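To start, the structure itself, in structure tokens.
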Amino acid sequence: MRAGANFNHNHADQGSLLLAHAGQVLIAEAGYSDYYKDPFYNPYVIQAVGHNTLLVDGNPESQVLPSNRYLGGYPLITRSELGQEVDVVEADLTPAYASNLDRYTRTLLYRRNGPLVVVDRVVSSKPHVYSVLWHPDGSAERTGAGRTEIRKGSAALDLQVFSSAAIVESTDGAPLLLNQYEKSETGPVVRLPILR
């Protein structure tokens, strides 16, 4: 999970995470793009919408770039415990959403040989619509309310979503980046989904 200070060529990817199993990436991000030529570089690849993040009110640019280690605040890992049976990592992502949210933390709980649980805690004094994005790097099939199966090779992920409020699920198609067209000579060009 990414949480840290600004640095050269920073993306709006605070709190984003990748997930792999059995040698296969199942949850990825927008991917590589040439920032000189690809028209989707600025509006998609480097923005929060191109990562596994929280969007506020559907704004693809929901995050602001944090300060560096010497000036101002920035997101950071506030807790990291690797245990015998359970691992816990928590990040305070509030500085990346400072203009919209009063507080935002993302916690990862991993039970050895069991589930990975992602807990987002969001506090705001104003009402908002929150969208949690996931970028599967494989086929994604909805198997029930709040449930999607992602498969790639011999690896699979059962993605389940829970909320204290009503959930509306949607799937968008990710834009096709220039590097995907470059691979078209060796295989089909596939537009991957974005799960909200």
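The values are calculated or read from the model by the stated rules, or taken from the named source; none is laboratory data. As the structure is a computational prediction, the values presented were derived from the model and not from experiment. For neighbour counting, all protein chains shown are included, and Cβ atoms are generated from backbone atoms with ideal geometry for every residue, glycine included. Surface accessibility is based on the protein's heavy atoms, side chains included, excluding ligands, DNA and RNA. Shrake-Rupley method; radii C 1.70, N 1.55, O 1.52, S 1.80 Å.
The figures follow:
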read-out: Unit charges at the beta carbon, dipole of the chain: most positive-side option, Ser164, Val49, Leu101; value: Ser164
read-out: Alpha-carbon centroid distance for the pair segment 7-80 / segment 96-141, whole angstrom; value: 13 Å
read-out: Descending semi-axes in whole angstrom, ellipsoid equivalent of segment 13-108, from the Cα gyration tensor; value: 24, 21, 12
read-out: Cα-only radius of gyration and Dmax that characterise the chain, units Å; value: 17.0, 51
read-out: Segment 86-167: chymotrypsin sites (Phe, Trp or Tyr not before Pro) in DSSP loop, at most 14 other beta carbons within 10 Å; value: Phe162
read-out: Student exercise, the chain dipole from Lys, Arg, Asp, Glu Cβ charges, in Debye to nearest 20; value: 220 debye
read-out: Rounded accessible area per residue of segment 43-196, 1.4 Å, Å²; value: 59 Å²
read-out: In Hz, Karplus ³J(HN,Hα) per residue of segment 50-64 (6.51, -1.76, 1.60; θ = phi - 60°; x = Gly, Pro); value: x, 10, 8, 10, 9, 9, 9, 6, x, 6, x, 10, 5, 9, 9
read-out: Per-residue [θ]222 nm for the chain (sum of -39500 (n - 2.57) over DSSP H runs n ≥ 4, rounded to 500); value: -500 deg cm²/dmol
read-out: 3J(HN,Hα) from dihedral phi, segment 157-162, Karplus parametrisation 6.51/-1.76/1.60, rounded to Hz, x for glycine, proline; value: 9, 9, 8, 10, 10, 10
read-out: Dipole magnitude of segment 80-188, debye to nearest 20 (Cβ charges: Lys/Arg +1, Asp/Glu -1, about Cα centre); value: 200 debye
